[in-house]
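Only one structure is covered here, and it is reproduced in the block below.
The values are calculated or read from the model by the stated rules, or taken from the named source; none is laboratory data. None of the values given here were measured: they were computed from a predicted structure. Methodologically, a virtual Cβ is constructed for each residue, glycine included, from the backbone with ideal geometry; neighbour enumeration extends over all protein chains shown. Protein only, heavy atoms only, side chains kept; ligands, DNA and RNA dropped before computing areas. Shrake-Rupley method; radii C 1.70, N 1.55, O 1.52, S 1.80 Å.
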Amino acid sequence: MTEILENTKKTEEKIHEKAGLPVNMPVVPLRDIVIFPYMMYPILAGRESTISAINFALEKEKYIMLVTQKDSRIEDPSPENLYRYGTVAKILQVIKLPNNLIKVLVDGITQARIIDFKQNGFLEADIEYIFPKIVESTELNALIRQATKLFTDYVTNNRGVAQESLMAYENIKEPDRKLYYIASTILVSIQRKQKLLEYSTLLEQYYEMIDILGSEIEIFKVEKDIETKINQSMQKNQRRFIVQEQIRILQDELNDEDETDPDFVKLKDAIRKSKMPKDVKDKAMEEFQKLKKIPPMSPEATVSRNFLDWMVGVPWNIFTKDNLDIIHAKEILDTDHFGLEKPKERILEHIAILNNIESKNKGKKSKEDLRARAQILCLVGPPGVGKTSLGKSIARALSRKFVRISLGGVRDEAEIRGHRRTYIGSMPGKIIQSMRKAGSSNPVILMDEIDKMGMDFRGDPASALLEALDPEQNNTFNDHYLDVDYDLSKVLFITTANVQYQIPLPLQDRMEIIQMPGYLEHEKTEIAAQHIIPKLLREHGLTNDEVGIPETALRKIINEYTREAGVRNLEREIASLMRKITKELVLSKIKTAGDPKTNGARKKKTEAMRITPVLIEKYLGVPKFKEKRADKEDKIGSAVGLAWTSMGGDILDIEVSVMPGKEKLTLTGQLGDVMKESALAGFSFIRSNAKKFGLANNFFNNKEIHIHIPEGGIPKDGPSAGITMAIAMISALSGNPTRSDVAMTGEITLRGEVLPIGGLNEKLLAAQRSGIKKVLIPKENEKDLKEIPDKIKKGLELVTVETLDDAVKHIFKKKFRK
């Protein structure tokens with residue numbers, strides 16, 4: 001120790017002399033520590049380069065340059081990874097340790113900066129010494145006093161620094177020693193300590209030190225505030241725990257009274273009697289035990305009670321017995337609905353499959369049985385064709401409970417899968433609500449208007465339906481509110497939609513699409529006679545003896561007062577007619593009763609009021625729609641097309657006019673893009689085959705062609721009018737009139753081929769109704785004629801064509817000039 005003190009005194013003398021210190025010496029990298037002047041510190045060295053540097057220094061003047069690594073994880077640091085500022089130290093003692101380690105006691109002498117590095121098996125550097133000047137001044141004294149005060153606060157508040165450090169600090173007199181002592185004692189980051197070595201004046205170093213101490217003391221204050229709050233919270237929690245334990249003990253003592261509470265007894269009995277699966281029942285009982293411990297006035301008690309009421313209210317393994325008699329089902333479907341042969345046939349097939357599986361399994365639940373029962377049907381068709389009522393008939397045929405869910409306008413995913421119980425006013429989704437309403441585990445659930453769901457920031461309800469409508473997944477449907485698996489595999493889901501393409505494709509993939517086309521005129525007549533009129537007669541207190549509506553009157557109402565695919569408006573118009581007839585009959589009875597001539601006389605049997613077309617216009621007013629009739633006169637630049645709309649079939653009078661002007665093709669009548677493209681395709685075919693139709697090659701020069709389809713207020717689109725527009729253009733350009741009793745439909749190509757179309761039933765009915773004698777249809781639609789009733793084909797000459805050339809010979813009476 002005496003030798004160390006002597007060496008220290010000699011070092012001080014050298015510092016003061018600013019001479020005798022080498023300017024080139026080995027460099028020793030340090031990890032996670034900064035050594036300051038006047039600081040004696042043991043270094044543990046294990047790297048070969050470091051040991052070589054120390055041995056080299058021992059052979060010379062024992063001076064080494066101590067610098068800190070920027071990244072302590074680097075094993076063999078390069079000059080780029082070392083700070084340039086450090087401390088020149090002298091080796092006081094070296095002790096060899098096992099595993100090729102050495103312990104070196106060094107004494108910091110002064111600050112220094114590395115000018116240049118050299119590589120000699122170890123790092124060596126040329127250095128420049130930094131000797132901060134100590135000049136007595138008021139500013140320095142004030143800084144020392146402030147640093148002393150802050151250091152005292154720091155040591156007092158920091159448990160990681162020994163209190164004896166203050167005594168050692170007070171014994172130091174020199175300003176620079178005081179600074180370096182504080183720097184070596186405080187526990188701050190390497191970067192902040194390193195910054196002290198980079199200042200060349202004592203005043204700058206003190207300012208930096210005061211900033212460091214101030215920041216640390218502020219952190220201590222925040223930590224102390226946090227600790228105080230935590231202690232207060234812990235004390236509060238401890239008090240709460242003690243009170244809760246006391247309450248629990250009291251509840252245990254009063255447990256016998258709880259068992260006699262009629263509400264609790266009734267609820268517990270309902271949970272036990274329910275046919276819940278074991279895991280679900282365990283969760284319900286756990287919630288029941290929790291409910292018993294919650295004070296009745298607590299909001300949590302209401303939430304827990306509502307949850308248990310839903311768990312008990314939902315049917316678990318409660319089934320109604322299916323009536324799988326296919327003859328009985330057919331009778332119900334035929335009684336409730338006229339027509340709809342394809343949808344009814346598909347439903348009867350489904351019932352037949354259930355019947356077959358039921359008989360094979362003899363009531364056992366096999367995978368095959370479950371999969372069959374989970375079939376999802378989607379009825380797609382225009383409004384008013386009986387989709388919803390067909391779902392009710394299916395439930396009645398199977399003797400199952402029926403529940404309807406309206407999905408129109410649903411935008412929130414939680415409406416399907418429920419809200420989580422953390423939300424105020426949360427409740428299960430529509431599916432679980434429907435199951436509770438049905439009261440059985442195998443109802444018929446009709447999801448109406450599935451194509452009219454939306455989506456927004458609250459989620460996509462269509463995606464939430466994927467699990468419920470997937471036969472492979474819906475046996476473990478998880479509602480967010482119940483948060484347990486619920487089996488929907490026995491439910492017969494039926495969905496309805498007006499437009500198929502608006503149903504998301506993943507949902508379409510999980511359902512069997514059954515198309516329900518609009519009713520034809522003769523079908524509407526039968527529906528009105530068999531269903532609508534008897535129903536409305538009962539509702540208005542009338543009988544067949546009082547009112548008679550013949551078929552001719554019905555057809556007038558259908559064609560002139562309604563224009564729809566279904567029968568809703570037809571029912572409204574007939575109901576309006578019934579109201580006016582009822583009013584007339586009541587007034588007639590009042591007048592008869594008040595007439596003295598008939599007073600007291602024997603009542604005669606009232607004759608039935610026969611509704612004629614004249615009476616219809618009297619009661620229902622002027623016809624709302626005019627029935628289109630084909631022109632009797634052959635015209636140039638005109639052709640009759642057939643169209644399908646959501647309200648049924650119709651004829652299109654396509655007009656073409658050729659006039660002088662720029663070479664331009666104009667299309668009007670609110671046509672869609674597809675229809676416009678069909679016109680262009682037909683025009684291109686005419687231009688490329690001009691000679692065939694008696695036209696010059698330059699027929700389009702200085703001419704403008706205008707195509708117009710009347711009733712411009714109604715949007716029109718689709719490719720099926722392509723052949724009609726092409727024929728009308730040929731007629732206008734060649735001056736050859738077309739036959740007015742011939743209608744046509746078909747898509748046209750650039751090669752003049754006529755492609756197949758849809759809605760043939762409705763189009764042929766429109767042709768028949770309009771007085772058309774001959775109809776040209778695509779050759780590929782010939783196969784569809786087998787399914788069209790003879791009533792529709794009666795009086796029509798149906799001609800199939802493959803190309804536009806085939807059609808020309810049936811439309812034009814005159815041959816084209818060559």
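Observations, loosely collected:
- Taking each residue as 0.36 nm, the span from ASP282 to LEU105 lengthens on full extension beyond its C-alpha to C-alpha distance by 56.7 nm.
- Remark on the chain: hydrodynamic radius 38.0 angstrom, per the Kirkwood mean of 1/r across alpha carbon pairs.
- Straight-line cross-link reach from LYS224 at under 13 Å between alpha-carbon atoms covers these aspartates and glutamates, not counting any fewer than eight positions away in the same chain: GLU216.
- Ordered from largest to smallest accessible area (heavy atoms of protein chains, 1.4 Å probe), the residues ASP784, ASP176, ASP545 come out as ASP545, ASP784, ASP176.
- On the beta carbon distance between ILE327 and ARG31, with R0 = 60 Å, the FRET formula returns roughly 0.05.
- Per-residue Karplus couplings for the range 697-702, computed as 6.51 cos²θ - 1.76 cosθ + 1.60 with θ equal to phi - 60°, are listed in order as 4, 9, 4, 8, 5, 6 Hz, Gly and Pro entered as x.
- The chain: relative contact order in percent, alpha carbon pairs under 8 Å with at least 6 residues between: 7 percent
- Linear extension gain, ASP116 paired with ILE247, 0.36 nm per residue minus alpha-carbon span: 39.5 nm
- Low-density loop cleavage sites - GluC sites (Glu not before Pro) in the range 431-494, where at most 14 other Cβ are within 10 Å (DSSP): GLU472
- Carbon + sulfur, % of accessible area of the chain - ligands and nucleic acids excluded, 1.4 Å: 51 percent
- Loop sites in the range 51-102: trypsin sites (Lys or Arg not before Pro), DSSP, at most 13 other Cβ within 10 Å: LYS60, ARG73
- Listed by chain and number, the aspartates and glutamates whose C-alpha is less than 16 Å from the C-alpha of LYS103, apart from same-chain residues fewer than 8 away, are GLU48.
- In this structure the amide hydrogen of ILE43, modeled in the peptide plane, comes within under 5 Å of the amide hydrogens of VAL104, LEU105, VAL106, none closer than 5 places in sequence on its chain.
- The antiparallel fraction among DSSP beta bridges confined to the chain stands at about 60%.
- Separation of the TYR207 and ARG73 label points, Cα + 7 Å toward Cβ, nm: 3.6 nm
- Taking every protein chain into account, the 1.4 Å probe leaves LEU505 with about 130 Å² of accessible area, to the nearest ten.
- Heavy atoms of SER678 accessible to a 1.4 Å probe, total area in Å² rounded to 10: 10 Å²
- By accessible area with a 1.4 Å probe, ligands and nucleic acids excluded, highest first: order of TRP310, TRP316: TRP310, TRP316
- Remark: the range 213-229, residue by residue, has Karplus-estimated 3J(HN,Hα) of 5, x, 4, 5, 5, 4, 5, 4, 5, 5, 4, 5, 4, 4, 4, 5, 5 Hz, where x stands for each Gly or Pro and the curve is 6.51 cos²θ - 1.76 cosθ + 1.60 at θ = phi - 60°.
- Two-site label geometry, LYS221 and HIS522: point separation in nm, points 7 Å out along Cα→Cβ: 9.8 nm
- Accessible area, probe 1.4 Å, largest first, for residues THR68, THR668: THR668, THR68
- Computed with a 1.4 Å probe on the full set of protein chains, the accessible area for ILE230 sits at about 90 Å².
- All other residues whose Cβ lies under 13 angstrom from that of LYS330 are scored, Lys and Arg at +1 and Asp and Glu at -1, for a net of -4.
- Mean residue ellipticity (222 nm) of the chain, computed from DSSP H runs ≥ 4 via -39,500 (n - 2.57), nearest 500: -14000 deg cm²/dmol
- Difference of contour (0.36 nm per residue) and Cα-Cα distance, LYS292 to LYS786: 170.7 nm
- Computed E for ILE714/ARG346 - FRET, C-beta separation, R0 30 angstrom, nearest 0.05: 0.35
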